[in-house]
Amino acid sequence: ISTELVDVLQKIRNHFGKPVNINSAYRTETYNKKVGGATRSQHLYGTAADIRISGVSPKQIAQYAETLLPNTGGIGIYKNFVHVDVRKNRSRWNG
C-alpha cells in the first residue's frame, strides 16, 4: 500500500474527526476482474481506496480530498463512497 495514500487517508480522517471506512483498497488482478474494476485500476498498484465516513456525504469527502490533491490523483464520487487515489496525473469522475 502506498505510503502517500495512507497519508492522504489520515489527513481525511483528521479533518473530519471520524474513522475512515475502507470499502476496497489493494486488489489482486483476479479479484479486480471479479468486481468489474478497470483494467488499469489504481487498486492493482496499492494506490487507491474506496472510502466512506459515517455522517459525511461522499460529496463532502471529495471536496476535502480535492484540497489535498488539487493537481494530481483520482477522485471519483459514487452514491455511497468516494474513490481516492494518488496517481501522478489528475482524474475526476462521478459514478
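The values are calculated or read from the model by the stated rules, or taken from the named source; none is laboratory data. Just so it is clear, the structure is predicted and the values come from calculations on it, not from any experiment. All Cβ positions, glycine included, derive from the backbone under ideal geometry; neighbour counts span all protein chains shown. These accessible areas exclude ligands, DNA and RNA; they are computed on the full protein's heavy atoms, side chains included. Shrake-Rupley method; radii C 1.70, N 1.55, O 1.52, S 1.80 Å.
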Order R87, R27, R13 by their accessible area, 1.4 angstrom probe, all chains in place, largest first. R13, R87, R27
Nearest 10 degrees is fine. How inclined is helix 3-16 to the longest principal axis of the chain, computing both from alpha carbons? 30
Put +1 on the Cβ of every Lys and Arg and -1 on every Asp and Glu Cβ in segment 2-71; which of T47, S24, V8 then has its Cα farthest towards the positive end of the dipole? S24
Which whole-number percent gives the relative contact order of the chain, counting Cα pairs below 8 Å spaced six or more residues apart? 25
Order T28, T47, most accessible first, counting only protein heavy atoms with a 1.4 angstrom probe. T28, T47
Pairwise Lys count, the chain - Cα closer than 20 Å, eight or more residues apart or different chains: 5
Could you state the accessible area per residue of the chain in Å², with a 1.4 Å probe and every protein chain left in place? 61
Would you kindly state how much longer the chain becomes between E29 and K59 on full extension, computed as 0.36 nm times their sequence separation minus their alpha carbon distance, in nm to one decimal? 7.9 nm
When the helices in the chain are scored as -39500 (n - 2.57) per DSSP H run of 4 or longer and the sum is shared across all residues, what 222 nm value do you end up with, to the nearest 500 deg cm²/dmol? -9500 deg cm²/dmol
Measuring from its Cα centre, the chain shows a charge dipole (+1 at each Lys and Arg Cβ, -1 at each Asp and Glu Cβ) which, in debye to the nearest 20, is 200
